[in-house]
Amino acid sequence: MTVLKLLALQSPACAARHRAWANDLSAIASMAGFEFHLEGELPAQIDGLILLCASASDEQFFAEHLLKSPEHAKNKAAVVIALDDYPQHGSLALLNSAHAFVYPHGLKVTSHQPSVAVSDWLAGFSKFAAAVKMWRSLEGTTIACAREAGLAPQVSHINILTRDLGVSQAFYEQVLSARYCYNLGPRKIVMELNGFDFFIELNPTFSYPPGYHIGLRALPHDVQRIADKVATWPGINVVKGNGPAPGFHHGPDNVRTAVYFEDPDGLVIEVYSSEIEMIETNPRLVLDHL
């Protein structure tokens, strides 16, 4: 499992004044599942750089650090957290000159920030850092390699079962916006969902084994929309899945969202948005989040 590595730089003077807030940020990042470095031995490789800045002396500290360790900024996601309402432009200039990818939504902290607000901000920066990490992994990829990867087999369709074709077709059309294509004989219909075909086959006697489910990836606002629709659909069982409780929920990284429910025949469906690990390892997901 890949883990996003974040480094927060702060001068000794800044650390003395804002230790409690920095520790809160560290705790929030750790709860989200990130590898977060604030003090002690610095990692050789990082995915995101956070500058905690409260004065001109902090900017001097950053300049000296980046001179010694330019790899912490070059081609890395970076952002400035301004403490004590100190302006960000000096630190931003340092990051630009160090060839970092600067996250445009820096955080300004003038008092104790609610942890929810910091968690939401960190979720945005972590998605940006994961996308930049994915971009770095593509460096050196040739057109020939990309063409060869495109020739690999792809999943074409799945076949699910139902006791009532009409009920199942209506559910997938109205809840998941699937499109009816055609009948494949008297006992099977073909439907399409965002370019992916799936067959629904009539079978009056069957049951799905425990743990069996299908997963549908969507954008976070679509996950919420589908969860709201399912909650009002008669007879649909919303289940816990991998979440803390049945219903719409966020993952530990505050980036993934998900809801689990059963179709009319008991097939568990997971509708989710990608977590950080997926964004930083799957190039097709980058555009979904930027």
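The values are calculated or read from the model by the stated rules, or taken from the named source; none is laboratory data. All values reported here derive from a predicted model rather than from experimental measurement. A quick note on method: Cβ atoms are made from the backbone with ideal geometry, for glycine too, and the neighbour counts reach across all protein chains shown.
Of the listed requirements (1) surrounded by 15 or more Cβ atoms within 10 Å (Cβ to Cβ); (2) in the same structural domain as ILE269 (by TED's automatic domain parsing); (3) within 18 Å of ASP265 (Cβ to Cβ), ILE200 misses just one: (2).
Any residue in the range 211-228 that is at pLDDT below 95, buried (at least 16 other Cβ atoms within 10 Å of the Cβ) and over 30 Å from MET134 (Cβ atoms)? Within the range 211-228, not a single residue is at pLDDT below 95, buried (at least 16 other Cβ atoms within 10 Å of the Cβ) and over 30 Å from MET134 (Cβ atoms). For the range 18-51, a tally of residues being among the aliphatic types (A, V, I, L, M) and under 15 Å from LYS127 (Cα atoms) returns 5.
Residues that are over 17 Å from ALA218 (Cβ atoms) and either among the hydroxyl-bearing types (Ser, Thr, Tyr) or assigned to a loop (DSSP other than H, G, I, E, B) (or both) were ranked within the range 186-201; the one that is modelled with the highest pLDDT is ARG187.
The residue of the range 159-179 that is nearest to the chain's Cα centre (by Cα), among those that are surrounded by 14 or more Cβ atoms within 10 Å (Cβ to Cβ) and assigned to a strand (DSSP E or B), is ILE160.
I'd like the full set of residues that are in a loop (DSSP other than H, G, I, E, B) and basic (Lys, Arg), limited to the range 202-245. Within the range 202-245, just LYS240 meets the criteria.
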